[in-house]
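Worksheet: one structure, shown below.
All of the numbers you see were taken from the coordinates with simple rules; none came from a lab. Values in this document were obtained by computation on a predicted structure and should not be read as measured data.
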Amino acid sequence: MALQERGFQVFIPFGENTRYDLVIDDGTSLEHQRGEWQAFRLTWNDGPRKLGLSLAPGSHAMTGARDFVVACHGNDRIIRITFNGDPMEVAL
């Protein structure tokens with residue numbers, strides 16, 4: 001099953017605040033050179049244990065919702081997030 005079909009899997013390491021951008025393209029062509037890509041900004045705030053999700057600066061607008069499967073390091077909690085392009089925050 002393709003990654004896009006089952007959702008992106010994100011593993012959260014507790015213990016520190018962090019931020020990273022997940023950049024995706026079709027994985028097979030050079031269309032990313034023509035701007036065919038999207039980037040998602042994920043931020044982890046360890047104090048309140050909140051995950052922020054938004055489009056990264058410069059990313060193209062979304063054409064549909066994306067599913068993320070979030071697993072938290074150190075416990076068995078796994079949640080599914082459907083992201084439609086609007087910034088959001090989820091307490092874990």
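For this structure, a couple of remarks:
- Using all pairs of distinct alpha-carbon atoms, the Kirkwood hydrodynamic radius of segment 3-89 works out to 13.9 angstrom.
- Extension gain for N75-A39 works out to 10.2 nm (0.36 nm per residue, less the C-alpha to C-alpha distance).
- Between amide H atoms placed 1.01 Å from N, distances below 5 Å from V10 occur with V69, V70, A71, all of them 5 or more places distant or on a separate chain.
- Full extension of the chain between T82 and D25 yields a length gain of 18.7 nm, computed as 0.36 nm times the residue separation minus the alpha carbon distance.
- Residues whose placed amide H lies under 5 Å from that of A56, excluding near-sequence neighbours: A39, F40, R41
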